[in-house]
Every structure is written in C-alpha cells, then in structure tokens.
C-alpha cells in the first residue's frame, strides 16, 4: 500500500493525483519518531486514507473496512451537497484515528485542494501521534 490510500467510487472525478502529494509531503516532513510502524503487512505503509463515495453506506463501509485493519489510520471523508454523507455517518466508524469530513464542490474543485492545504498547515509535530485538527468521533 502507498502511504496515502484512496478508496473511491470515481463518481466525482476528483483528481487524486493532485491531492495525494499534499499528504505525502506532509507525511515526509514528519519527524521519524512521529510516524508509527503498524506491522500489518500490506497496510504497513498506509499513513492516511481518503474515502470518496457518494453513497453514505458505501463510504461508511469502506471506512470501517480500513479501520478494521488499521484502527488509528486518519481518514478524510469527502462529501458533497447531493450525497448524504454527514457527521452522523462518521459516528458509525470505529477506531481511534482522527476523521475529517470535507466538502467537494463540483463548481470549484480547487476548493477541496485549498481546504486540505489549510487543514494540513494547522498541524504541529508536538507528539508522536498528533494529527491536524479534526473531530474525534467514537
């Protein structure tokens, strides 16, 4: 697995090749002691997961699946005005990693990229497992 895993149905046609390097650079800039080894085979290198499904049940199912293998992997869940993925769906996802819900605007796709950049810039490597500010949902 790559450091950034994307689980998507492809319906939104988001350019993840533009987004993944943002997370890869963020991961690469982490001090070596802040990136934990999971020892979970193929998931060993996965440090972040992006979930992009229009259908809320599919999004929750995909997020639950990855969290079953890596409970602390951070998740970015993408939603839009027409899909029904909301915070209440995130509450169904188990694990203890952070989750962030971000809005995709088809009319302004750069808004997602700029939102991710702003979110990652709020991060400070003060503790080995700190992540950008996000809501912990259990």
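The values are calculated or read from the model by the stated rules, or taken from the named source; none is laboratory data. As the structure is a computational prediction, the values presented were derived from the model and not from experiment. Please note: Cβ atoms are built from the backbone with ideal geometry, for glycine as well, and neighbour counts cover all protein chains shown.
Restricting attention to the stretch 47-64, the residues that are without any contact (Cβ under 8 Å) to a residue 12 or more places away in the chain and under 28 Å from residue 28 (Cβ atoms) add up to 0. Residue pairs whose Cβ atoms lie under 6 Å apart, separated by 6 or more positions or on different chains, with the first residue in the stretch 69-84 and farther than 16 Å from residue 96 by Cβ and the second modelled with pLDDT of 80 or more and in a loop (DSSP other than H, G, I, E, B), are 78/104; 80/104; 83/54. Residues of the stretch 10-68 that are assigned to a helix (DSSP H, G or I), modelled with pLDDT under 85 and under 17 Å from residue 96 (Cβ atoms): 34, 43.
Restricting attention to the stretch 115-127, does a residue exist that is closer than 21 Å to residue 11 by Cβ, part of a helix (DSSP H, G or I), touching a helix residue (DSSP H, G or I) at 6+ places or on another chain (Cβ under 6 Å) and at pLDDT 85 or above? Within the stretch 115-127, one or more residues are closer than 21 Å to residue 11 by Cβ, part of a helix (DSSP H, G or I), touching a helix residue (DSSP H, G or I) at 6+ places or on another chain (Cβ under 6 Å) and at pLDDT 85 or above.
Filtering the stretch 84-102 to residues that are part of a loop (DSSP other than H, G, I, E, B) and surrounded by 19 or more Cβ atoms within 10 Å (Cβ to Cβ) leaves 85, 93, 95, 97, 98.
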